[in-house]
Amino acid sequence: MSPPVVLSIAGSDSGAGAGIQADLKTFAALGVFGTCAITAVTAQNTAEVRAVHPVPVAVVRAQIEAVLDDFHVSAVKTGMLGRAEIVELVAGFAEAGRLPNLVVDPVMVSSTGTRLLDEHAVDVYRQRLLPVVRVFTPNLFEAGVMLDRAIRSEPEQAGAACELASDADAVVVVKGGHGEHDAVDVVCERGVLWELRADRIDTPNNHGSGCSFASATAAGLAQGLTVAEALRGAKQFVRLAIDGAARWSLGSGHGPIDHFQWEQP
């Protein structure tokens with residue numbers, strides 16, 4: 001039988017830890033066939049983003065249409081969209097019913113602190129894209145930007161998840177990951193709160209963990225899992241990938257994670 005097909009709409013990371021590269025690695029590791037539409041080319045490594053070259057909207061559209069016209073896509077994941085025009089484009093495809101099982105990771109800032117989303121795109125995310133997604137996975141900073149307030153504690157995570165979920169028929173995961181003892185993500189699903197919790201791994205090698213969590217979720221949905229099953233599987237996948245790379249020395253900054261679990265017994 002043919003594997004399920006997943007489409008990633010995201011930016012390219014020349015260091016290959018995050019973005020399209022992380023998505024395709026995740027898809028391969030989890031047994032789905034990955035396709036992609038690149039929204040921007042970045043020159044980056046583990047320590048810095050040196051340049052960002054946006055791909056023209058017409059070319060992004062052509063990439064998406066080329067995949068959708070030829071493949072039966074079972075799930076879609078978005079990462080770095082960069083500009084309001086690209087968010088509008090993706091929302092248009094979703095509103096037309098062409099992006100099934102849409103998992104949106106609203107990438108706004110790189111792990112090294114570089115802004116990756118223009119300010120005008122934030123309102124478009126909330127007004128156009130959030131109402132048509134199936135799973136929305138902001139981290140604490142991104143949820144705070146969406147709601148125009150700081151999100152720091154677990155109660156604030158829970159409030160943010162429910163407030164964002166109220167804008168759409170979507171499952172919202174506000175990712176933590178920076179707690180002293182546990183990495184806690186708070187999920188709001190149809191008004192019900194629950195948690196994804198794992199022990200925190202003390203390592204700088206976490207570049208691409210957010211991208212990989214969202215793409216692993218999309219892979220699970222493409223394979224027919226429920227949202228809860230896909231999220232739990234994604235949490236476990238990323239936890240093992242971070243643990244596997246915890247002692248790696250690749251680059252001088254936030255190193256990549258072990259997508260293929262080379263370090264696992």
ask   = Name the residues in region 84-119 that are over 24 Å from L140 (Cβ atoms) and either out of contact with any helix residue (DSSP H, G or I) (no Cβ under 7 Å at 6 or more places or on another chain) or at pLDDT below 95 (or both), would you?
value = G92, A96, G97, P100
ask   = Any idea which residue in region 99-130 is surrounded by the most Cβ atoms within 10 Å (Cβ to Cβ), counting only those that are in contact with a Ser or Thr (Cβ under 7 Å, 6 or more places away or on another chain) and part of a loop (DSSP other than H, G, I, E, B)?
value = D105
Count - residues of region 206-235 that are polar (S, T, N, Q), farther than 18 Å from V184 by Cα and surrounded by 24 or more Cβ atoms within 10 Å (Cβ to Cβ) = 1
task = Output yes when any residue across region 140-153 is under 21 Å from P256 (Cβ atoms) and either surrounded by fewer than 24 Cβ atoms within 10 Å (Cβ to Cβ) or not acidic (D, E) (or both), and no when none is.
result = yes
note = Across (1) within 30 Å of V132 (Cβ to Cβ); (2) free of Cβ contacts under 8 Å to residues at least 60 places away in the same chain; (3) within 18 Å of the chain's Cα centre (by Cα), R190 clears everything bar (3)
request  = For region 62-83, name all the residues that are in contact (Cβ under 8 Å) with a residue 60 or more places away in the chain and of a type outside the set (S, T, Y).
outcome  = V67, L68, F71, H72, V73, A75, V76, K77, G79, M80, L81, G82
query = Could you say whether any residue in region 84-98 is over 26 Å from A161 (Cβ atoms), touching a Gly at 6+ places or on another chain (Cβ under 6 Å), free of Cβ contacts under 8 Å to residues at least 40 places away in the same chain and surrounded by 14 or more Cβ atoms within 10 Å (Cβ to Cβ)?
reply = no
ask   = For residues in region 160-194 being farther than 25 Å from D148 by Cβ and acidic (D, E), which is surrounded by the most Cβ atoms within 10 Å (Cβ to Cβ)?
value = D182
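Any residue that is of a type outside the set (G, A, S), more than 27 Å from V5 (Cα to Cα) and touching an Asp or Glu at 6+ places or on another chain (Cβ under 9 Å) - is there at least one of those in region 212-232?
Looking for residues that are of a type outside the set (G, A, S), more than 27 Å from V5 (Cα to Cα) and touching an Asp or Glu at 6+ places or on another chain (Cβ under 9 Å), one finds none in region 212-232, hence no.
The values are calculated or read from the model by the stated rules, or taken from the named source; none is laboratory data. Just so we're clear, the structure is a prediction, and the values are computed from it rather than from any experiment. Heads up, the Cβs are rebuilt from the backbone with ideal geometry, glycines too, and the neighbour counts pull from every protein chain shown.
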